[in-house]
Amino acid sequence: MEARASGRTIAGGIIPLVLVAVLLAYMLGPGSEMFRLGVALPEISIEKVDFVDSEILATVRNTGPVPVDVALADINDRIQPAAVEPDRHLERLESALVRIPFEWNVAEPYVIGITIDDGTRFEKAVDAAAPAPRPTWDLAAFFALVGTFVGIVPVVIGMLWLPFVQRISPTKYHFFLALTAGLLLFLAVDAAEEALEISRNDLAGVFNGALLVTTVIALSFLALYYSGGLLEGRTGPAAVGLMISVGIGLHNFGEGLAIGAAIGIGSIAFGTFLIVGFTLHNVTEGLAIAASVSRKRPALPVLAALAMIAGAPAILGAWTGGFAYSPIASVVFLGVGAGAILQVVFVVLRWIRREGGRFSGPAVTSGLASGMLVMYLTSILV
Amino acid sequence: MITRSRAVLAAVLVAGLSAIIALPMISDAQTERRTFVTHNGAIVETSGDVLDPLYTPSDVEFDPDEFLRNFEYGRVSVSETGQTVREFTIVARDDLIQEVSPGVFYNVWTFNGTVPGPTLRATEGDLLRIHFFNNGSKAHTIHFHGIHPAGMDGVFEPVGSGGRFLYEFEAGPVGVHPYHCHIMPLEEHITHGLYGMLIVDPKNGRAPADEMVMVLNGLDTDFDGENNFYAANTIPFYYQHHPIQINAGDLVRIYVANMVEFDPINNFHLHGNLYKYYPTGTDVVPSFYTDMITLSQTERGIMEFTYEHPGKYLFHAHKVEFSEKGWTGVFLVRGDGGAGYGS
């Protein structure tokens, strides 16, 4: 009897799925004529433009509803002989590299145009041409250095507040925990905003940028919330420090991406500006880690590990942003970072309550407010 | 344990899907290497497809070489009064899709299946009877530049889909005259290709020459009010890819008309030579001796020149934007003696 009942349950779960499949088959099959309305307009997106020796490289993706063939390339609206690899035919969401031999000049603006088989021309403007960074050891070492200055050094400096945080009263400690939550909340919004901006500027409409960002943030939050629960069960509150480091690490990966991409697309001055801003900004992240582990008297190697987990991803980010920039990967990484940070904010607030702090008390409210404010003020530098 | 492994599975699925979207997909990669030549003469090798309107043969249904030296004289008869009568049949269509440049397909509107339409030719004083059939989906007409009765002007007599009309008038004055559809929106009907040239020869004729027709035109393939391509006789870069062969010492005569829309001017620059220019072709005495003539909309004329030295000579719009979008060609002057025009 029980087997039959569970069989019925399974059937009850499957029948609607079968019906949906039948409905789709009907709509795509013989009945499809009925739903063929309007004109399907082809669309491609030029996702990326690289300037290399005597060539301009454009990465194009078919972001429309129908397959297209790439027919023609132009620079500044002047037709140029070119090549498309691996081939000119692009199925939906397929991408290809268009190689346009062209003696470009450093720092001059260019418009790259691609015409497809129906004669429609799509273009992408580049404000200033700059040589694409070659993945040389020198440049990799330079990015590592930049990542160290932006990620690791400021975090370590911020963690030097640890002895200070260890000696203060519980109320003041709650203030600093809340300050951490405020800092992190700001970083989460910052990362989400950055992800939305990239999706608006460089991502084709077909990716539903805002929904992609929202979905990635939610998935990242839920995944870390779930794994955080498992961790906490074993190691207790020490896990909070680790999770804050992981969250900050993901955020710093995003900062590294921004710096690497800025240097990669040749806006070196902008890159320098970013580096100074992020360095100051990230000192506060060290404080966040220090506050979270201060009651545990952690050993020096543990602190060093936390600093590396939080800071070193800036180096990875700079490599990725500089050598293998992809708008969609950046959006996904930034979204993961935002979700991770939100999860940490959640954990920190829960922890304050567990420690006996009140959310409506002056310590917590002023801490949160100061955290946001400090971050906003240092962010103006970026 | 089960829940954890499921979570891992889900994470792997999410990561895998992201990777699929984030990484460029690779499809039927080719192993064959191809090469192409850049504007600077550099040779570039690729594993993919070449996008090159200059050196890629296109499968165009329209042959600019054939069009270049083709003149339609009509079905000739003599009236009771002794007047030469020339009858032409012109059919308009607006449903053809043609490959106008390698890999680019455009909905051309045509007179007798081509853009430009056929080059009609008559002698001053001939009676022209043009039987016009509109096989298009929209109304069309033929409006001739020149002198004719009001009712033959092709403006106030729209010919609906499936309709017909007989244009009848005396050829004149002597010269080169464009014809085109005159249905509103006019720009749309012209830019899609409904135009051509009527040449009216003087009764005594002109000196024997290697004669050719160049209708300067543009194609706005994405309908943004700007031409994507320019050309002499429709196909961009065609005569650069297929040089026009002429002979040193021969008199060459080009009947040229500018049918470019959107851009206020077009021009014609000849390398290594100068030409005698007869504006509108209405006179037998040239007005200019130059290598550069500027033409506004439907401005036209006759150019005459002779090359002394064999070799390759460029001709193109000196509005360089136009030449770099297709309006450029080459004369290949042969020195081994020719038809003896003009000698």
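The values are calculated or read from the model by the stated rules, or taken from the named source; none is laboratory data. These numbers were taken from a predicted model, which means no experiment stands behind them. Counting neighbours? That spans all protein chains shown, and the Cβs are built from the backbone with ideal geometry, glycine included. Calculation scope for accessible area: heavy atoms of the full protein, side chains included, ligands and nucleic acids excluded. Shrake-Rupley method; radii C 1.70, N 1.55, O 1.52, S 1.80 Å.
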Near pairs, Cβ below 6 angstrom, 6+ apart or cross-chain, from segment A:101-129 (away from chain B (no Cβ under 13 Å)) to any residue that is aromatic (Phe, Trp, Tyr): A:Val126/A:Tyr110; A:Ala129/A:Phe51; A:Ala129/A:Trp104; A:Ala129/A:Tyr110
Quickly run through segment A:66-78 and pick out the residues that are within 26 Å of A:Asn105 (Cα to Cα) and either in contact with an Asp or Glu (Cβ under 6 Å, 6 or more places away or on another chain) or more than 10 Å from chain B (Cβ to nearest Cβ) (or both). A:Ala71, A:Arg78
Any residue in segment B:210-233 that is away from chain A (no Cβ under 14 Å) sitting within a Cβ distance under 6 Å of a residue that is surrounded by fewer than 19 Cβ atoms within 10 Å (Cβ to Cβ)? List the pairs, counting only those 6 or more apart or interchain. B:Asp210/B:Tyr341; B:Met212/B:Arg69
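Report yes if A:Ile152 is within 14 Å of chain B (Cβ to nearest Cβ) and either among the hydrophobic types (A, V, I, L, M, F, W, C) or open to solvent by 10 Å² or more (accessible area, probe 1.4 Å) (or both), otherwise no.
On the way: within 14 Å of chain B (Cβ to nearest Cβ): no; either among the hydrophobic types (A, V, I, L, M, F, W, C) or open to solvent by 10 Å² or more (accessible area, probe 1.4 Å) (or both): yes.
So A:Ile152 fails the test.
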So in segment B:106-118, with the set limited to residues that are crowded, with 21+ Cβ neighbours inside 10 Å and part of a strand (DSSP E or B), which one is farthest from the other protein chains (Cβ to nearest Cβ)? B:Phe111
If we scan segment B:296-307, do we find a residue that is free of Cβ contacts under 8 Å to residues at least 12 places away in the same chain and touching a strand residue (DSSP E or B) at 6+ places or on another chain (Cβ under 8 Å)? no
If a residue must be touching a Ser or Thr at 6+ places or on another chain (Cβ under 8 Å), charged (D, E, K, R) and assigned to a loop (DSSP other than H, G, I, E, B), how many such residues does segment B:187-236 contain? 3
Members of segment B:119-144 found to be in a loop (DSSP other than H, G, I, E, B), open to solvent by less than 40 Å² (accessible area, probe 1.4 Å) and either within 24 Å of B:Asn233 (Cβ to Cβ) or of a type in the set (D, E, K, R) (or both), listed by number: B:Thr119, B:Asp126, B:Gly136, B:Thr141, B:Ile142
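Rundown of residues vs (1) under 15 Å from A:Ser245 (Cβ atoms); (2) among the hydroxyl-bearing types (Ser, Thr, Tyr); (3) surrounded by fewer than 19 Cβ atoms within 10 Å (Cβ to Cβ), yes/no style:
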site	(1), (2), (3)
A:Leu145	no, no, yes
A:Met159	yes, no, no
A:Leu183	yes, no, no
A:Ala191	no, no, no
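When you scan segment B:20-105 for strands (runs of 3 or more DSSP E) that lie fully inside it, which ones turn up with 3 or more residues that are away from chain A (no Cβ under 14 Å), modelled with pLDDT of 95 or more and more than 20 Å from A:Ile114 (Cβ to Cβ)? Spell out how you get there, then give the answer.
Details: elements: B:34-37, B:43-46, B:49-51, B:75-78, B:84-101.
In segment B:20-105, B:75-78, B:84-101 are the strands (runs of 3 or more DSSP E) which contain 3 or more residues that are away from chain A (no Cβ under 14 Å), modelled with pLDDT of 95 or more and more than 20 Å from A:Ile114 (Cβ to Cβ).
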Contact list, first residue from segment A:330-351 and farther than 19 Å from A:Leu316 by Cβ, second anywhere and aromatic (Phe, Trp, Tyr), beta-carbon distance below 6 Å, six or more apart or interchain, is A:Leu342/A:Phe221; A:Gln343/A:Phe221; A:Gln343/A:Tyr225
Some residue of segment A:48-65 being more than 7 Å from every other protein chain (Cβ to nearest Cβ), more than 22 Å from A:Gly322 (Cα to Cα) and surrounded by fewer than 20 Cβ atoms within 10 Å (Cβ to Cβ): yes
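Where in segment A:275-382 are there helices (runs of 4 or more DSSP H), lying wholly inside it, with at least 3 residues that are surrounded by fewer than 19 Cβ atoms within 10 Å (Cβ to Cβ) and either away from chain B (no Cβ under 14 Å) or among the acidic types (Asp, Glu) (or both)? Give the steps one after another, and end with the answer.
On the way: elements: A:300-311, A:313-323, A:327-354, A:362-379.
Fully inside segment A:275-382 and qualifying: A:300-311, A:327-354, A:362-379.
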